[in-house]
Amino acid sequence: MKNLLIAQSGGPTAVINSSLAGVAEAACVSSRVDGILGAFYGIQGVLNERFVDLKKVLKSSKESSLLCQTPASLLGSCRYSLKPWRENEEEYEKLVGILRKHHISYFIYIGGNDSMDTVFKMSEYLKEKEIEDILIAGVPKTIDNDLEGTDHCPGFGSAAKYVAATVAELERDISVYPVPGVTIVEIMGRNAGWLAAASALSRINGGPGPELIYLCETSFSMERFLVDMKRVMARKKSFLIAVSEGLKDEYGCYISEQVQTAQTDAFGHKYISGAGKILENLIRSRLDCKVRTVELNLMQRCAAHIASETDLKEAWMLGGKALQCVLDGKNGEMASIRRLSSDPYIVEYTSVYSGEAANREKKVPGEMISGSGCDVNEKMIEYLRPLIQGERSVKYENGIPAHLILEESLAGSMA
């Protein structure tokens, strides 16, 4: 018997469940896969044998369709970091023992940078120990679009679509009043400014969008910011500013650290937010004008009601590609997208070794940032535009989108 195990990890997105559906549906039609298990709470759930029979959950096309419009991670998530196997070989031995106990030959892990690190570490251990009856592959996922090894990540296109639509709506909102004012929109992005850059898409239908866009890739100067502000204020009464939450000063320090502690998560990442408030207080004290901050925060991650059809399709396809990798005997691969053309938009689905993506960050290249450092250019728009195209019909119940809900009480039913 050869079973498949699927788990999800990292931050939620609007399309991570589409990848789950892509893996599961491909497995259902494969003669080389017997059972299909899901692990609650990522690799932690595997270690605790928190499994569920996904064939019972996704028993028809109705459930699979509903799964694809359900945001966040159906199977739950975790932020658990495996140490290198030489530092904690017992944990890897335990993982292998659990997988063999449940006759799991294939393990697909859906997640971002840190999740691909798990794929990489496990595959290296399996190769080192010459374990050939277990194969692992990764499916990329992150709204931050900061994974190396793929043109872009599932989850990013839908988040970018939400950001663009929301910023366009905010611009319409602030334009109605005669009183001058500034609205700062803080957008997710710790060390990569792709999402903040997507705010520029709010201009593609003729609206002005943000007057200033600051990404975390460029060194941020408070004094230069005030100069930029005065320049815009001289010609416009009310306007938007889009900023990455991870803005850093010339010394590489997050400007939000002025109001944040040094606390970090399980992977050593600092908790950051508040860049918009820092700038709001600066404007209020130095320029004496009406100003407010809108922090998009979690809303941009899981807005499945406005998900990009392109994003949903690509997430689904990459799920199937990851399964194909392990069925072909490849260990430690990450399914990926290679762009062949932007206009017309053409991609191919391929794979790279997870070591090329693990713990690496793909940042916005300088060639996509304007020379002034406070906007993006047409190269960025050309890159972004195809990723937000298309809308899928959403099923509503009682006036709101319907979601597939998986009860945690099912976990452990396979143990």
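Quick check: anything in the stretch 36-49 under 20 Å from GLY332 (Cα atoms), among the polar types (S, T, N, Q) and touching a Cys at 6+ places or on another chain (Cβ under 8 Å)? Yes. Filtered by the rule that a residue be of a type outside the set (Phe, Trp, Tyr) and closer than 11 Å to GLY332 by Cβ, the stretch 118-133 gives THR118, VAL119, LYS121, MET122, SER123, GLU124, LEU126, LYS127. All of (1) more than 19 Å from ALA315 (Cα to Cα); (2) among the hydroxyl-bearing types (Ser, Thr, Tyr); (3) surrounded by fewer than 21 Cβ atoms within 10 Å (Cβ to Cβ) hold for TYR41 with one exception: (3). Any residue at all in the stretch 49-62 that is closer than 24 Å to ILE143 by Cα, surrounded by fewer than 19 Cβ atoms within 10 Å (Cβ to Cβ) and of a type outside the set (Val, Ile, Thr)? There is no residue in the stretch 49-62 that is closer than 24 Å to ILE143 by Cα, surrounded by fewer than 19 Cβ atoms within 10 Å (Cβ to Cβ) and of a type outside the set (Val, Ile, Thr). Against the conditions (1) buried (at least 17 other Cβ atoms within 10 Å of the Cβ); (2) under 18 Å from SER115 (Cα atoms), GLY373 satisfies every one except (2).
Quick grid of which residues meet (1) assigned by TED's automatic domain parsing to the domain that holds GLY138; (2) buried (at least 18 other Cβ atoms within 10 Å of the Cβ); (3) in contact (Cβ under 8 Å) with a residue 40 or more places away in the chain:
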{"position": "CYS289", "(1), (2), (3)": "no, no, yes"}
{"position": "THR293", "(1), (2), (3)": "no, yes, yes"}
{"position": "LEU296", "(1), (2), (3)": "no, yes, yes"}
{"position": "GLU309", "(1), (2), (3)": "yes, no, yes"}
{"position": "GLU314", "(1), (2), (3)": "yes, yes, yes"}
{"position": "GLY320", "(1), (2), (3)": "yes, yes, yes"}
{"position": "LEU323", "(1), (2), (3)": "yes, yes, yes"}
{"position": "VAL326", "(1), (2), (3)": "yes, yes, yes"}
{"position": "ASN331", "(1), (2), (3)": "yes, yes, yes"}
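Checked against (1) assigned to a loop (DSSP other than H, G, I, E, B); (2) in the same structural domain as ASN88 (by TED's automatic domain parsing); (3) crowded, with 22+ Cβ neighbours inside 10 Å, ILE131 meets all criteria but (3).
Among the residues examined, GLY111 qualifies as within 30 Å of GLU49 (Cβ to Cβ), under 15 Å from the mean Cα position of the chain (by Cα) and not assigned by TED's automatic domain parsing to the domain that holds THR293.
Please determine, by comparing only the residues of the stretch 73-123 that are part of a loop (DSSP other than H, G, I, E, B) and among the aliphatic types (A, V, I, L, M), which one is farthest from ASP133 (Cα to Cα). Top of the filtered list is LEU74.
With the requirement that a residue be surrounded by fewer than 23 Cβ atoms within 10 Å (Cβ to Cβ), over 14 Å from LYS321 (Cβ atoms), small (Gly, Ala, Ser) and touching a residue at least 60 places away in the same chain (Cβ under 8 Å), what does the stretch 1-38 give you? Within the stretch 1-38, GLY11, GLY35 meet the criteria.
Being under 13 Å from ASP151 (Cα atoms) and out of contact with any strand residue (DSSP E or B) (no Cβ under 6 Å at 6 or more places or on another chain) is a property that GLU378 lacks.
Where residues in the stretch 57-72 are without any contact (Cβ under 8 Å) to a residue 40 or more places away in the chain and outside any loop (DSSP other than H, G, I, E, B), which of them is farthest from SER123 (Cα to Cα)?
If we take residues in the stretch 57-72 being without any contact (Cβ under 8 Å) to a residue 40 or more places away in the chain and outside any loop (DSSP other than H, G, I, E, B), then LYS62 is farthest from SER123 (Cα to Cα).
The values are calculated or read from the model by the stated rules, or taken from the named source; none is laboratory data. Being a predicted model, the structure only gives us computed values, none of them experimental. In this analysis, Cβ positions are derived from the backbone assuming ideal geometry, glycine residues included, and neighbour counts consider all displayed protein chains.
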